[in-house]
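What follows is a single structure, written as structure tokens, with notes after it.
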Amino acid sequence: MFTGIVAAVGKIESVKPLEGGSFAGVRLDINAGGLPLADVALGDSIAINGACMTVVEKDASNFRVDVSRESLNKTVGLDTLTEVNLEKALTLNERLGGHLVSGHVDGLGVVRKFEPVGESWELVVEAPHDLAKFLAYKGSIVVNGVSLTVNRVTDIGSGADLVCQFSINLIPHTIAVTTLKHLKVDAKVNLEIDLIARYVERMVSVGSAAR
């Protein structure tokens, strides 16, 4: 589990294909930046742009993870030399500053607006159709590994044609300490819905089916 509070910005320094042809994944060599690795053991989990990955090798400054082809198909930003948001797995003696995050990407959103508003920035993301029901005013959402609060939800259309856009206010601190500063209109982002919303939807749907 994670909190969505980014601990450091690292950088993917190499992407090497694993054996297995076109169906194989890749091994990433990631410079951890300011993320301390002394207490990280092989097999530990680190969230990379919101995707939970397992450490398979490490040294003083870098760690390496294997990313499956399935994970590459379901995420963005894990197959190129770029900066990434990093967070080590939550321990029971830490403050839960964001919200409970599993590190499992639920879908890809598309940036529709990213503009300064006063001292902050407004980020508007278009969510996949099947995630729309999980987005709510003042609810939580993870964007590229960052725990954020939804300020506005706009549903356009209905049924299969429904398009859902949500707006987020990014304070200067969030811009300074995460990779969200690099976002551009039409860029894709990793999204994870709120864990509680996931279970509520399941309970409601099963309860309705049983009536």
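Only the coordinates and a few stated rules stand behind these numbers; no lab work does. The structure displayed is predicted, hence computed values, not measured ones. Note: ideal-geometry Cβ built from the backbone for every residue, glycine included; neighbour counts use all protein chains shown.
From the P(r) of the range 1-78, could you give the percentage of C-alpha pairs in the tail past 18 Å?
37 percent
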Using a 10 Å cut-off on Cβ atoms, rank the peptides 99-112, 56-69 from the highest mean neighbour count down. 99-112, 56-69
Ranking request for peptides 187-197, 88-98, 119-129: highest mean number of other beta-carbon atoms within 10 Å first, then the rest in descending order. 187-197, 119-129, 88-98
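Which shape class applies to the range 80-211: rounded if a/c is under 1.5, otherwise prolate when a/b exceeds b/c and oblate if not, where a ≥ b ≥ c are the square roots of the Cα gyration tensor eigenvalues? Could the numbers behind the result be given before it?
Values: a/c = 1.89, a/b = 1.25, b/c = 1.51.
Oblate, because a/c is 1.5 or more while a/b does not exceed b/c.
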In whole Hz, the Karplus estimates of ³J(HN,Hα) for the range 166-173 (6.51, -1.76, 1.60; θ = phi - 60°; x where Gly or Pro) are 10, 10, 10, 9, 9, 6, x, 4
Cα-Cα over 21 Å, subset of 138/188; 88/188; 11/88; 11/188: 138/188; 88/188
Any lysines whose Cα falls less than 21 Å from that of residue 16, other than same-chain ones fewer than 8 residues away, would be 58, 74
The extension gain from residue 1 to residue 92, computed as 0.36 nm times the residue separation minus the Cα-Cα distance, is 31.7 nm
If one builds a Gaussian network model of the chain from Cα atoms under 10 Å apart, the most fluctuating residue listed among 49, 73, 31 is 73
Whole-angstrom gap from the range 189-208 to the range 90-122, using each part's C-alpha centre: 17 Å
So what's the angle, to the nearest 10 degrees on a 0 to 90 scale, between helix 195-210 and the longest Cα principal axis of the chain? 50 degrees
Quick one: Karplus J couplings for the range 93-103, per residue in order, coefficients 6.51, -1.76, 1.60, θ = phi - 60°, nearest Hz, x for Gly and Pro? 9, 9, 6, 8, x, x, 8, 5, 10, 8, x
The extension gain from residue 201 to residue 185, computed as 0.36 nm times the residue separation minus the Cα-Cα distance, is 2.7 nm
Please find, in a Gaussian network model of the chain (springs between Cα atoms separated by less than 10 Å), the residue of 42, 78, 131 whose mean-square fluctuation is greatest. 42
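Hey, what did the chain get for relative contact order, percent, Cα under 8 Å, at least 6 apart?
23 percent
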